[in-house]
Amino acid sequence: MLELILGGAGTGKTILIYDKIKQAVQAGQQVILLVPEQASFENERQLYRLLGPQKALSVEVLSFTRLCDRVFRAYGGMAGIHMEDSSKLLLMSVALEGLREQLQVYGRETAAPFIESMCELVHELKTAGVIPSQLRQAALEQETEESKNKFYDISLIYEMYQAVIEQGYDDPDDHLLRAVRLLEGKQFFAGTHVFIDGFTAFMGAEWRMLEEIFCGGGILTTALCCENIHTGNGVFAAASATARRLTDLASRCGKKIAAPICLQEPVRFQTAGLKALAEKFPHIRPEKAESSEGVFLTECGDFYDEIEIAASRIAAFVREGYRYREIAVIARDTEPYQAPIETIFSRYHIPYFDDRRSDVVTHPLARGLLYALDAVQSGFESEYVLALSKSCLLGLSAEQGGLLENYCYVWNVTRKTWRTPFENHPDGLKDALNEEASQRLAQANEARAYIMDHLLALEEDLRDCDGKGFATAVYQYLLNIQAADHLRAAAEEMEPAEAKQLLEDGAQVWDALMGTLDIFGGVLETVRFPLNRFVDLFRLCIGNLQIGILPQTLDQVLIGNADRIRPAEPKAVFVLGLNEGKFPAWTGSSGLLTDGERERLRTAGVDLLHTAEQQALLESYYVYFALTRPSECLYLSYPSWDTAGKGMAKSSAILQAERIFGKTAEPSVSFSPMDRVWSEKSAFDLMARGWREATPEQAALREWFQSRQPERYQALERVSGVHPFSLQSEKGKALFAGDLRLSPSRLERYFLCPFSFFCESGLGLRPRRKAEYNPLESGTLIHLVLQQMVEKYGGKGLNSLDDARLREESAAFLDQALKARVNQDMPYRFQYLFARQVDTLAWLLRHLGQEFSQSAFAPVAMELQIREGSPYRPLKLPVFDGSRIIVEGVVDRLDAFEISKRRYLRVVDYKTGIKKFELGDICHGLNMQMLIYLFALCDCYGGLTASYNIPAGVLYMPARADVVEAKRETDPAKIESMRDAQMKMNGLLLNDRAALSAMECGIKGRFIPARVTSKGELDQKKSSVVSEKQLKMIRGAVEARLKDMANRLKRGRVEALPLQRADQNEGGGICEYCDFAMICLHEGEDPVRELAKLDQKEALQMIEEILNLAEKEEEEDG
């Protein structure tokens, strides 16, 4: 007998089922209640409450899976090795290997994604009750060779896969059909009243079991969510189709069919709005409801805003007397909401249970093992070795991992380099190792040896192994590195709750990994694959493993996907993510079969469940299911944009609800911010987010926290506004106590940004630099070679060397310098750039020789050390606290020219980058380096006084050979002239005709930034010169800037206040490339110091103003 109970959601179908079960139990009948797997526990609990402990035992609450188990226990069929998903993947791999020569379409497909897709297709075929012979017959009926060959290949793979399984394995996908075969001719269901609830549709194999219930003499009562059996479309279409098919099945089996019981009156809903929604939502053109009581529509900003609204409402419900377990949160896919839920629910102290399962591969144990296998498989790619070093699997400290990563970053460690000890300087292309660097190198090598000893052993064990050998090698590796002990040690460093979760999950992951290795050792015991195939299969296997998350309390909000969740009588439900294409989800072809191919199979008699039409019907039902779960309150919401800021439209479900209630969704911004305040944590968060808003709510929150938590309030106040950072503590000021010994480059760093200076010079922070032949390292080596060549041959001597000799000598010096810095094999890129650099050096030396050959100035010192204790004393200036600022450094080159008991000195700085001297920069503390050196040397060079040593100027000499842009037919002489123009020095010179003539014969402006006109007068527009008086003013301004900097630093002034030109404001300015931008968090709207572009006249005027201000301040200080 077949009895159908039909009705929309909330009409009492389940209540009626329970009443009929109670009557059947009282009548002494044998009763089975067949429900979805996830609903079995809740139904058992409800029947226990209804029937009591004794009579509840008379009812078997089963899912189809548990029903099969019941049949096997009665008639046999429990033998065989149980197959998990990982077993299926491995057996499929074996099946494909055996069919490689026979397959026409899939003969070369052995990759992990294809294996996974084929397993999914076979699962679908088995679930639909399809056997290989049906596929083979369908292939013969195809008109095109493509479809015929594809279906035939699938049938062969399916058949071979099944043959491998039948060698002693137990596939859960076969249980239903095996159980049906065992029940043939048996009276298992005779006299049994079978009740079915909670289903919308059945799959092929399940229909076979239902047929056996009828044929076995059972009575079947089924509840389905539809108004009648004739509904052809809409949310009830799938359930109506199921009702019709049940009727046809009962008729074929000769069973009596009772008149359907159609329930009309909703009994679940306690508010008018919920009743109206349940009644009207399924209709295409619904009538407008009289009331929307209990139903709320919300348009949110993003996922976080949506969860914030839900959390504040849940908190309100609980305060009103709800229990957390009476509230459910439903989405079509909860994955995008995981991070917002974790963050916001904890802020509101909301306990929750998400029915999702965690992937094994995300756990440190599995992830670290995969890193090790990838490292071996790739020949020790640094990416995998470093990832392994950071895993808690090895037990390396963060410091060891950091040293190892830094070395690899600096030296770009490649595969073979891992096999031998590291030898180079850990900071890159530096000179000999000092004690501290040697210690860091030793620690990095210690970590390298520990990692590589185990990886090399694993590599050896995996060489030419079979499946059993692979499993043994992996297991032995885990034992050798003491993975379990290191995992426990890592947990000890965590908070108790996190440690508990890590270890509980770790126990499940360990069992899952051991199970997978057992399968490898069994299924692939004698099978030999290339190592990369084994690794891919292992990754695929554990990628399909999941671990469950146990509920932490009985009273918690239930969160889940609409197709899986089965909340027990919730009073309030929040339905999230009602966006177009998301909920209901758009359907389309997936896997190995297209929609067209599925339709052709259906025409040939192979009916699969996952067709686009069937999925669309189910998707519409999932929406209706979610909307009709609550009894009192329903909140429907959707985000307006995703995490990437892309706009998202409302779904058809929201549009239908808006039509029913005659109103649009209310924007979340219209809600009072105070609605989100349910704890100190949420209140403080709200105050912080709206800190700059002048609202009554913000004022109330500020007043509350200022009076009750002043320290917390003041901390927020300090970080929220634009407050100059300064060193207030004694420890902070002690960083710069006593004499300040600084180089000009560090001085410039302070003037560019005081906070950047503090990070570098105060805290000693250093950005990592790769050991590569970049402009920085190239410049260092060019300086070195130029120094050695000039010292060896003298300025004029360079001009006597031919190009071949210049190249030969340059190459020798360059090679010597590089070998002093690189102890291991020089990378190929180094060798290539080395050859290019020799060409550049030869040309620079040729130009340098030409310049010296016509100049009366001669180089008297190279790489000249200016510091205390050396013959050349640094510039020293007093500071307000009695200490001094001492500027020390190294001069690239000092040239001198003597005449009439006067010695003219000029400082030359080689620049491989683009550097232009601007006199106005001095007003802001920039470009002072060479001037500081020049003034210091004039005070003491040669043991003579400044009256003998005359500052002749400072020059930047280009130490690079830029590409000259010219047409192919351009005259070579013109090209040479263009190259000369690029090499012209720039800087600031003394307006002294004797000195200028000594620098360049005829003062033609070829080498120096000065030239005379045809009348013999100095060309002021094309000359960068100042008088002796002006040069003294410049010295005064430089010293004033140095003292001001020292005074500010002593007072702790190290604010993040960068200096940038007006044209740098776009695109982030100097902050965009600052190594410490992530520390200071200076933003685009924050203040900066403007660097005005001044011509020489304006610069000299400002220099005079600086001097006047400095004199005034000194007078005030006494």
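Things worth noting here:
- Any hit, the stretch 431-451, residues being within 30 Å of Leu90 (Cβ to Cβ) and in a helix (DSSP H, G or I): yes
- The number of residues in the stretch 27-56 that are more than 21 Å from Met203 (Cβ to Cβ), in a loop (DSSP other than H, G, I, E, B) and hydrophobic (A, V, I, L, M, F, W, C) comes to 1.
- Residue count for the stretch 1060-1105, restricted to those that are farther than 22 Å from Phe758 by Cβ, at pLDDT below 80 and not acidic (Asp, Glu): 4
- Elements of the type strands (runs of 3 or more DSSP E) sitting completely within the stretch 851-931 and holding at least 1 residues that are under 45 Å from the mean Cα position of the chain (by Cα) and surrounded by 20 or more Cβ atoms within 10 Å (Cβ to Cβ): these cover 884-887, 889-899, 902-911.
- Note on the stretch 184-201: residues that are surrounded by fewer than 20 Cβ atoms within 10 Å (Cβ to Cβ) and either under 18 Å from Cys253 (Cα atoms) or in contact with an Asp or Glu (Cβ under 6 Å, 6 or more places away or on another chain) (or both) amount to 8.
- Selection status of Arg902, at pLDDT below 90 and either in contact with a helix residue (DSSP H, G or I) (Cβ under 8 Å, 6 or more places away or on another chain) or closer than 23 Å to Cys1001 by Cβ (or both): yes
- Selection count, the stretch 57-79, where residues are under 44 Å from the mean Cα position of the chain (by Cα) and either outside the structural domain of Met203 (by TED's automatic domain parsing) or assigned to a helix (DSSP H, G or I) (or both): 3
- Residue pairs whose Cβ atoms lie under 7 Å apart, sitting 6 or more positions apart in sequence or on different chains, and linking a residue in the stretch 462-474 that is assigned to a loop (DSSP other than H, G, I, E, B) to a partner that is surrounded by 20 or more Cβ atoms within 10 Å (Cβ to Cβ) and modelled with pLDDT under 90, are Asp466/Leu524.
- Entry remark, the stretch 165-177: residues being assigned to a helix (DSSP H, G or I) and crowded, with 17+ Cβ neighbours inside 10 Å number 6 in total.
- Taken residue by residue, the stretch 749-756 has at least one member that is in contact with a Ser or Thr (Cβ under 7 Å, 6 or more places away or on another chain), closer than 30 Å to Glu1055 by Cα, modelled with pLDDT of 85 or more and not assigned by TED's automatic domain parsing to the domain that holds Pro426.
- Restricting Leu554, Leu479, Leu487 to residues that are part of a helix (DSSP H, G or I) and either in contact (Cβ under 8 Å) with a residue 40 or more places away in the chain or closer than 23 Å to Ser378 by Cβ (or both) narrows the list to Leu487.
- Residue within the stretch 963-985 that is modelled with pLDDT of 80 or more, under 30 Å from Lys1112 (Cα atoms) and among the hydrophobic types (A, V, I, L, M, F, W, C) present: no
- Put simply, of Glu145, Glu109, Glu124, Glu97 the only residue that is surrounded by fewer than 17 Cβ atoms within 10 Å (Cβ to Cβ) and in contact (Cβ under 8 Å) with a residue 12 or more places away in the chain is Glu97.
- Flag for Ile547 being among the β-branched types (Val, Ile, Thr), in contact with a Lys or Arg (Cβ under 8 Å, 6 or more places away or on another chain) and modelled with pLDDT under 90: yes
- The number of residues in the stretch 674-685 that are under 15 Å from Ile307 (Cα atoms) and surrounded by fewer than 19 Cβ atoms within 10 Å (Cβ to Cβ) comes to 2.
- Count of the stretch 206-230 residues which are outside any loop (DSSP other than H, G, I, E, B) and either of a type outside the set (Lys, Arg) or crowded, with 19+ Cβ neighbours inside 10 Å (or both): 17
- Looking only at the stretch 1040-1058, and only at residues there that are among the hydrophobic types (A, V, I, L, M, F, W, C) and in contact with a Phe, Trp or Tyr (Cβ under 9 Å, 6 or more places away or on another chain), the one that is nearest to Arg1089 (Cα to Cα): Leu1057
- Test: residue in the stretch 659-672 that is charged (D, E, K, R) and out of contact with any Leu (no Cβ under 9 Å at 6 or more places or on another chain): yes
- Counted residues, the stretch 1-18 - those being of a type in the set (A, V, I, L, M) and surrounded by fewer than 21 Cβ atoms within 10 Å (Cβ to Cβ): 3
- Being at pLDDT 85 or above and of a type in the set (Ser, Thr, Tyr) is a property that does not hold for Thr553.
- Arg539 being under 30 Å from Ile344 (Cβ atoms), surrounded by fewer than 20 Cβ atoms within 10 Å (Cβ to Cβ) and out of contact with any Ser or Thr (no Cβ under 7 Å at 6 or more places or on another chain): no
- Among the residues of the stretch 641-673, the one identified as modelled with pLDDT of 90 or more, among the polar types (S, T, N, Q), part of a loop (DSSP other than H, G, I, E, B) and surrounded by fewer than 17 Cβ atoms within 10 Å (Cβ to Cβ) is Thr664.
- Residue in the stretch 194-207 that is more than 29 Å from Ala572 (Cβ to Cβ) and in contact with a His (Cβ under 6 Å, 6 or more places away or on another chain) present: no
- Residue in the stretch 186-205 that is farthest from Gly129 (Cα to Cα), counting only those that are outside any loop (DSSP other than H, G, I, E, B) and either assigned by TED's automatic domain parsing to the domain that holds Ala568 or in contact with a helix residue (DSSP H, G or I) (Cβ under 6 Å, 6 or more places away or on another chain) (or both): His193
- Test result for Arg357, under 24 Å from Met514 (Cβ atoms), within 25 Å of the chain's Cα centre (by Cα) and among the basic types (Lys, Arg): yes
- Condition met for Ala449 (in contact (Cβ under 8 Å) with a residue 24 or more places away in the chain, among the small types (Gly, Ala, Ser) and more than 29 Å from Asp359 (Cβ to Cβ)): yes
- Against the test of being within 23 Å of the chain's Cα centre (by Cα), in contact (Cβ under 8 Å) with a residue 60 or more places away in the chain, part of a helix (DSSP H, G or I) and within 21 Å of Ala484 (Cα to Cα), the options Ala387, Ala366 yield a single qualifying residue, Ala366.
- Where Thr611 falls short, out of the listed (1) without any contact (Cβ under 8 Å) to a residue 40 or more places away in the chain; (2) over 25 Å from Lys148 (Cβ atoms); (3) of a type outside the set (Lys, Arg): (2)
The values are calculated or read from the model by the stated rules, or taken from the named source; none is laboratory data. Because the structure is predicted, anything quoted here is derived from the model rather than measured. Note that each Cβ is placed from the backbone with ideal geometry, even for glycine, and that neighbours are counted across all protein chains shown.
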